[in-house]
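Presented below is the structure to which this report refers.
The numbers here are math on the coordinates, done by the rules we state, and not lab data. Every value quoted in this text rests on a predicted model; they were computed, and no experiment measured them. All Cβ positions, glycine included, derive from the backbone under ideal geometry; neighbour counts span all protein chains shown.
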Amino acid sequence: MLTGAGEAGMADLRAVLAGGDNSPLQMIVRDVRAPRTLAALLVGAALGVAGMLMQTVTRNRLAEPGLLGVNAGAALGVVTGITLAGAESGLAYLLWAGAGALLGNACVLGVANAGRQSGSPLRLVLAGVALGATFHGLSSAMLLSQPSGYDQYRFWVLGSLAGSSGGMIMLAAPFIIFGLLAALFLARPLSAMLLGDDIARSLGHSPRLLRAAVAFTATLLTGSAVALTGPIAFLGLLAPFLARALAQGLAAQLAASAWVGAIVLLFADLGARLVAQPFETPISVLTALLGAPLLVWLARGSIR
């Protein structure tokens, strides 16, 4: 909260916490940087836990929340809001992105659970990839039909915490907190399912319902996070990888994923403010620089 285009000191922070005067610097700390810091913690925790859930249910350490079609659905929602409804504010983006994320995931789950072998991890991944590509194609077509909305969409799709306001956080925070608690509740039955579907059934758990619950929880977390800040690349891949090195047991790894995701995104946001002062680097650029080498390394290991 002290770092940015205008440097603040501890005295300014203490004055803000004590309800001090409304000097310009203190207003920046209170109204801009404090919500931004809180958004980084919430979004980082949400994406970290969503990534751990996806990797656990698919049994694939290369899986990440975007496989559920949430990011592509949110992008289509924002493009629809910009081109058809003239959405311009951060709150409008939040609402349109949230609606698009839910609709996109509903389509993915509908396709994944249709026909034989419904609900399998492979069908879920394939449905997410196929429909995600479809949503991206629709978004591109809508932007081509109305090029004036491209600049607005480009700002959102790069991912940024800069537009996070107190009102937007109040709208998204309950969904993120509920999703985090639901993930911890699912840890025990998920641990049983890792031993095999038959063992999970013998312990009274339904693998199909459990996968649906995990997909819903991951969608709730990812959709709320993406709606608040835009897509943030690779964090859902990076946080679970680091969490496994820090904790044993799924419940502890979920908690560690939340902490790691929050801390990584907080430092990435700090770097985004400092790299090109007084301008700001898109936060997805920094998370991609961290996550892309990890993805290559994991892919090489899985091939071996």
*With 10 Å bins from zero, work out the P(r) of the chain over every alpha carbon pair and list the percent per bin.*
7, 27, 34, 22, 9, 2, 0
_Placing +1 on the Cβ of each Lys and Arg and -1 on the Cβ of each Asp and Glu in the chain, which of Met193, Val57, Ala245 has its Cα farthest towards the positive end of the resulting dipole?_
Met193
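Peptides 73-82, 184-193, 269-278: what's the order by average Cβ count within 10 Å, highest mean first?
Working: 73-82: 26.8, 184-193: 17.8, 269-278: 15.5.
Result, highest mean first: 73-82, 184-193, 269-278.
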*Return the long-range amide H neighbours of Ala87 (sequence gap of 5 or more, or a different chain), with a cut-off of under 5 Å between placed amide H atoms.*
Ile82
*Assigning unit charges at the beta carbon (Lys, Arg +1; Asp, Glu -1) and nothing else, what dipole magnitude in debye, to the nearest 20, does segment 167-296 show about its Cα centre?*
240 debye
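Which value, in debye to the nearest 20, describes the size of the charge dipole of the chain about its Cα centre when Lys and Arg Cβ atoms bear +1, Asp and Glu Cβ atoms bear -1, and nothing else is charged?
Using Cβ point charges on Lys, Arg, Asp and Glu, the chain gives about 1020 debye.
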*Using 0.36 nm per residue, how much length does the chain from Ser89 to Trp297 gain when fully extended, once their Cα-Cα distance is taken away?*
71.0 nm
*May I ask for the net charge around Thr281, where only other residues with Cβ less than 11 Å from the Cβ of Thr281 are counted and Lys, Arg are +1 while Asp, Glu are -1?*
-1
*Can you give the angle from 0 to 90° between the axis of helix 34-58 and the longest principal axis of the chain, with both taken from C-alpha atoms, to the nearest 10?*
10 degrees
*According to the Cα gyration tensor, what semi-axes, each the square root of 5 times an eigenvalue, does the equivalent ellipsoid of segment 59-141 have, listed from largest to smallest in whole Å?*
26, 12, 10
*With labels modelled as points extended 7 Å from the Cα through the Cβ direction, what inter-label distance (nm, one decimal) is found for Val129 paired with Gln146?*
3.3 nm
_Using amide H atoms built in the peptide plane, which far-off residues or other-chain residues are under 5 Å from Asn113 H to H?_
Gly119
*Any chance you could give the angle, 0 to 90 degrees and rounded to 10, that helix 121-145 forms with the longest Cα principal axis of the chain?*
40 degrees
_Leading residue at positive end of dipole, the chain (Cβ point charges), from Ala225, Leu180, Ala87_ = Leu180
*Determine the sum of side-chain charges near Leu266: Lys and Arg each +1, Asp and Glu each -1, restricted to other residues whose C-beta is under 12 angstrom from that of Leu266.*
+2
_Highest mean first, how do 129-135, 257-263, 106-112 rank when packing is the count of other Cβ atoms within 10 Å averaged over residues?_
257-263, 106-112, 129-135
*Counting all C-alpha pairs of segment 95-200, share separated by more than 19 Å (%)*: 65 percent
*Using the alpha-carbon atoms, what tilt in degrees (0 to 90, nearest 10) does helix 235-246 show relative to the longest principal axis of the chain?*
70 degrees
*Pop a pseudo-label 7 angstrom from the Cα along the beta-carbon direction at both Leu181 and Leu195 and give the gap in nm to one decimal.*
2.9 nm
